[in-house]
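Below: one structure, written as structure tokens.
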Amino acid sequence: MKKLITLFLIATLATSVGWASTTVSNTIANIATANGWTNSTKYTSFTLDNNITVSCTGGSNSGKYYTSGNDWRLYQTESPTLTVTAASGYTLNSITVTYNVYYTGILVYNNTQISSPATVLVSGSSVEFSVGNSGTATNGQVRVTAISVTYSESGSTATVEVPTLTDEFTFWPVMNDAASAEVTITPASGNTVRYTTNGNPPSLTNGTEITAATTITISGTTTVKAISYVGTQTSSVVSKTYTLGETVTGISNFKNLTSGTTVRLYLPDNNNARTLFVNGKDAFVRDNTGAICIYNVTTNPPLAYNQHIAGWIIGTYTNYNNLPEFTASSATNSCYLVIADPVTEADAEPVEIDADNYDDHYADWVTINDLKVTSASGNTATASVGNNTFSIYNKYNPDNYQLPYKDAIVDITGIAAPYNTTKELRPIYQNDNWPITYVVDAQEGFVAPDIDITNAQVRLKRNLIPQDWSVLTVPFELEDFEGDVLQYSGITLGEVGSYEMNGHTYPIYSGVMQFEDYYGILQPGTPYLVKPYTLQHGMTLNGVTLKAGTAGSVTKTLAAQQNAPGINLMATEQPVYAGDYSLVGTYSPTTLPKNESTVVILDSSTLSWTSLVNDTSVDGTEGYITVPNGAGVKLALPGSEVITGVVDIRTDNNTQKEAVIYNLLGVRLTRPLSELPPGVYIVNGKKIVKR
């Protein structure tokens, strides 16, 4: 009865491994006790359970049991065999033999020496071991102390469960530390697993062996492959790849990625990344390599205009209708970003770009100048310059923005936000950079608005030279002009001249146009004489009213004189009456008629009839003078300064001998320049100083 109980307990050691198999193990000590073995006695076989028999062959000593080691001995010199046999209907899966070595005896399976504990994976009903020699001794022994056998029913269709691996993921280094991640490999209950990390497939004999859940650490992109087995039956190979994520430095490199790529964006401090503009979920950021829209990413503190940004953040590059965006991914965490107000850096400002370079500034805060508005309706206007057409889309409703009127010339300051094939500009108002500036260009035709535009910013695009008086006419009130300003105040009778007609000499009165200092606000549409203190390359004013209408004129009439001083008229001859003298302003470049009724101011001391100069046009925001036909004109400026009317400037003579020369009083001189005394002369229409 005692033997039966012991064998029953041994059989219950069988363990389920996820499929139809049985494992039975026992020690020689237990087997000897259960079967009543005695010391130094040969026993050729014993059973592990009803289905597994262990036997041996050899000489008279092989198979002897010794109580001194509780072992079953096999002698090399007798060429013994150790055989494990399964009962009919069963298949052996694995066998483990635990033994002690005497001298250099060793167990051999399939011509291979296997050290204790010697495990072989098999598939069959019988397995045979022999005893070999691992050294030079000729009397080696193998002294078996325990045997474990796993077997299953023959023809079983059950499969071995695959091991479980951590789900695939992408990982990045934290700050400057080396990257690392952990992967856990978990065998099914009772299964053995072998895994590899070098790309090679695991097998029954290849890979690191584990029997319990094991966590490994990886430091780069790694493919982990694992296989489970019971006996010689194996599961399929499970393979998962854990990827070390890419890091890109600078916004330009980020924008060069394929849309949908998730990376770690590194912004070094010396890249000077700055927040340009924030509106809802949109935050536009520029560093010294490019600009990006950071969309729907939460940071602490929240992004705001002018902040300095440095550090790391993980996210996905998204090309949204050609607008480059940094969008959040499952790995996004802004805790490694340093976000702070600037200390010494200048404020973030728009960059003025040429329209042809728009594609290089996606998501940037830009200014594009001199756009001609071709249409305007609702929230959108269309404008062009050169071969480029832009959509001006009022997405952010900034302060001081108004829909520009058709045919206006404007500067637009805003975000370059392409939308598919459309070059889009989204105006913004920030740090006193106005979203729209109306341009009054002296070289371009100016179209005034149909109605007054209040609170506008206007840029006057014209050069004013400090040495000369110039006519200035603008379509808006101009305060605090930095220079001298004169207004036309009246006309007085000047010197009497004459002209010939039909053999008679007739008198003509020369009008002297009077100008006086003006200290008020320059009125829109009214021409003034101005002389700036310094060279003016234009001016920009904000908060002004851009006036509707066209440029006007200031007109004064010289009263008629019946008798001219110093001229004796015949009774039948009437004097020529001088009439209206006008200072006329222009908003757009104007071509003047070539006659003796129109006068242009060439410089501070020269007037010219338009009939006597080749170029008879004036720029926009300038002006000219009209006089009665055939009348003379001079300008009387404060301080007794008089500009003389030069009546015969010609530009077609190139030699000194043939030159047409006038003095500053407008008198034509017949002597060549070489014979004239030092002074200032007008030679072929140009002022020359002879020393």
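The values are calculated or read from the model by the stated rules, or taken from the named source; none is laboratory data. Bear in mind the structure is a predicted one, so any value in this text is a computation, not a measurement. Note that each Cβ is placed from the backbone with ideal geometry, even for glycine, and that neighbours are counted across all protein chains shown. Remember, those area values only see protein heavy atoms, side chains included, never the ligands or the DNA or RNA. Shrake-Rupley method; radii C 1.70, N 1.55, O 1.52, S 1.80 Å.
Can you give me the number of residues within region 447-473 that are open to solvent by 30 Å² or more (accessible area, probe 1.4 Å), more than 15 Å from Leu541 (Cα to Cα) and at pLDDT 90 or above?
Initial filter on region 447-473 (open to solvent by 30 Å² or more (accessible area, probe 1.4 Å)): 447, 450-452, 454-455, 459, 461, 463, 465-468.
Pick out the ones that are also more than 15 Å from Leu541 (Cα to Cα) and you get 447, 450-452, 463, 465-468.
Going one step further and asking which of them are at pLDDT 90 or above, we end up with 447, 450-452, 463.
Going through region 447-473 one residue at a time, the tally reaches 5.
Being modelled with pLDDT of 75 or more and not in a helix (DSSP H, G or I) is the filter here; which residues of region 609-618 pass it?
Taking region 609-618 first, the residues modelled with pLDDT of 75 or more are 609-610, 616-618.
Listed by number, the residues that qualify are Trp609, Thr616, Ser617, Val618.
Can you find even one residue in region 325-335 that is buried (at least 18 other Cβ atoms within 10 Å of the Cβ) and closer than 23 Å to Phe446 by Cα?
no
Quick one: is Val120 closer than 24 Å to Leu204 by Cβ, open to solvent by less than 40 Å² (accessible area, probe 1.4 Å) and at pLDDT below 95?
Spelling it out, Val120 is indeed closer than 24 Å to Leu204 by Cβ, open to solvent by less than 40 Å² (accessible area, probe 1.4 Å) and at pLDDT below 95.
List, please: which pairs have Cβ atoms under 6 Å, are six or more places apart or on different chains, and start with a residue in region 60-81 that is touching a residue at least 40 places away in the same chain (Cβ under 8 Å) and end with one that is assigned to a strand (DSSP E or B) and charged (D, E, K, R)?
From region 60-81, the pairs are Gly69/Arg143; Asp71/Arg143; Arg73/Lys64; Arg73/Arg143; Thr81/Glu128.
Count, please, the residues in region 234-260 that happen to be open to solvent by 60 Å² or more (accessible area, probe 1.4 Å) and under 26 Å from Ile95 (Cα atoms).
The number of residues fulfilling the criteria is 3.
For Arg274, work out the one condition from (1) open to solvent by 20 Å² or more (accessible area, probe 1.4 Å); (2) of a type in the set (D, E, K, R); (3) in a strand (DSSP E or B) it doesn't fulfil.
Of the numbered conditions (1) open to solvent by 20 Å² or more (accessible area, probe 1.4 Å); (2) of a type in the set (D, E, K, R); (3) in a strand (DSSP E or B), the odd one out for Arg274 is (1).
The conditions are (1) open to solvent by 50 Å² or more (accessible area, probe 1.4 Å); (2) within 27 Å of Trp434 (Cα to Cα), and Ala304 fails exactly one of them. Which is it?
For Ala304, the exception is condition (1).
Can you list the strands (runs of 3 or more DSSP E) lying wholly within region 49-128 that have 1 or more residues being among the hydrophobic types (A, V, I, L, M, F, W, C)?
Values: elements: 52-57, 64-66, 71-75, 81-86, 90-102, 105-109, 112-114, 118-124.
Where strands (runs of 3 or more DSSP E) fall fully within region 49-128 and carry at least 1 residues being among the hydrophobic types (A, V, I, L, M, F, W, C), they are 52-57, 71-75, 81-86, 90-102, 105-109, 112-114, 118-124.
Are any residues in region 307-324 among the aromatic types (Phe, Trp, Tyr) and open to solvent by 20 Å² or more (accessible area, probe 1.4 Å), and if so, which ones? Steps first, answer last, please.
The first filter runs over region 307-324 and keeps only residues among the aromatic types (Phe, Trp, Tyr), leaving 312, 317, 320.
Trp312, Tyr320 - these are the residues of region 307-324 that are among the aromatic types (Phe, Trp, Tyr) and open to solvent by 20 Å² or more (accessible area, probe 1.4 Å).
Can you go through Gly311, Gly260 and tell me which one is part of a strand (DSSP E or B) and at positive phi?
Numbers: Gly260 fails: part of a strand (DSSP E or B).
Exactly one of Gly311, Gly260 is part of a strand (DSSP E or B) and at positive phi, namely Gly311.
Please name all residue pairs, on different chains or six or more residues apart, with Cβ atoms under 8 Å, provided the first residue is in region 358-372 and is closer than 10 Å to Asp411 by Cα and the second residue is outside any strand (DSSP E or B) and open to solvent by less than 40 Å² (accessible area, probe 1.4 Å).
Once the first residue is closer than 10 Å to Asp411 by Cα and sits in region 358-372, its partners that are outside any strand (DSSP E or B) and open to solvent by less than 40 Å² (accessible area, probe 1.4 Å) give Thr367/Pro350; Thr367/Ile353; Ile368/Ile353; Ile368/Ala355; Ile368/Tyr358; Leu371/Ala355; Lys372/Ala408.
Within region 362-401, which residues are polar (S, T, N, Q), surrounded by 16 or more Cβ atoms within 10 Å (Cβ to Cβ) and assigned to a loop (DSSP other than H, G, I, E, B)?
Hits for region 362-401 are Asn394, Asn400.
Out of (1) modelled with pLDDT of 90 or more; (2) out of contact with any Gly (no Cβ under 9 Å at 6 or more places or on another chain); (3) in a strand (DSSP E or B), the odd one out for Thr145 is which?
(2)
Collect the residues in region 185-220 that are among the β-branched types (Val, Ile, Thr) and surrounded by fewer than 13 Cβ atoms within 10 Å (Cβ to Cβ), keeping them in residue-number order.
Taking region 185-220 as the starting set, the residues that turn out to be among the β-branched types (Val, Ile, Thr) are 185-186, 192-193, 196-197, 205, 208, 210-211, 214-218.
Result: Thr205, Thr211, Thr215, Thr217.
Answer yes or no as to whether Thr413 is open to solvent by less than 60 Å² (accessible area, probe 1.4 Å), out of contact with any helix residue (DSSP H, G or I) (no Cβ under 9 Å at 6 or more places or on another chain), in a strand (DSSP E or B) and in contact (Cβ under 8 Å) with a residue 40 or more places away in the chain. Lay out the reasoning, then the answer.
On the way: open to solvent by less than 60 Å² (accessible area, probe 1.4 Å): yes; out of contact with any helix residue (DSSP H, G or I) (no Cβ under 9 Å at 6 or more places or on another chain): yes; in a strand (DSSP E or B): yes; in contact (Cβ under 8 Å) with a residue 40 or more places away in the chain: yes.
Criteria met by Thr413.
Find the residue count for region 474-503, including only residues that are in a strand (DSSP E or B), open to solvent by 40 Å² or more (accessible area, probe 1.4 Å) and either among the β-branched types (Val, Ile, Thr) or modelled with pLDDT of 60 or more (or both). Talk me through it step by step, then tell me what you get.
Pass one, region 474-503, residues in a strand (DSSP E or B): 478, 483-501.
Now restrict to residues that are open to solvent by 40 Å² or more (accessible area, probe 1.4 Å): 484, 487, 489, 492-493, 495-496, 498-501.
From what's left, either among the β-branched types (Val, Ile, Thr) or modelled with pLDDT of 60 or more (or both): 484, 487, 489, 492-493, 495-496.
Total satisfying the criteria: 7.
Taking interchain pairs and intrachain pairs at least six residues apart, which have beta carbon atoms under 9 angstrom, with the first residue in region 181-200 and farther than 26 Å from Phe171 by Cα and the second aliphatic (A, V, I, L, M) and open to solvent by 50 Å² or more (accessible area, probe 1.4 Å)?
If the second residue must be aliphatic (A, V, I, L, M) and open to solvent by 50 Å² or more (accessible area, probe 1.4 Å), the pairs left are Ala188/Val162.
Does Arg459 count as of a type in the set (Lys, Arg) and in contact with a Leu (Cβ under 9 Å, 6 or more places away or on another chain)? Walk me through how you get there before you give the answer.
Numbers: of a type in the set (Lys, Arg): yes; in contact with a Leu (Cβ under 9 Å, 6 or more places away or on another chain): yes.
So Arg459 passes the test.
Residue-wise test of (1) outside any strand (DSSP E or B); (2) at pLDDT below 80.
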{"residue": "Asn595", "(1), (2)": "yes, yes"}
{"residue": "Gly620", "(1), (2)": "yes, no"}
{"residue": "Gly630", "(1), (2)": "yes, yes"}
{"residue": "Ala636", "(1), (2)": "no, no"}
{"residue": "Val642", "(1), (2)": "no, yes"}
{"residue": "Glu658", "(1), (2)": "yes, yes"}
{"residue": "Ile682", "(1), (2)": "no, yes"}
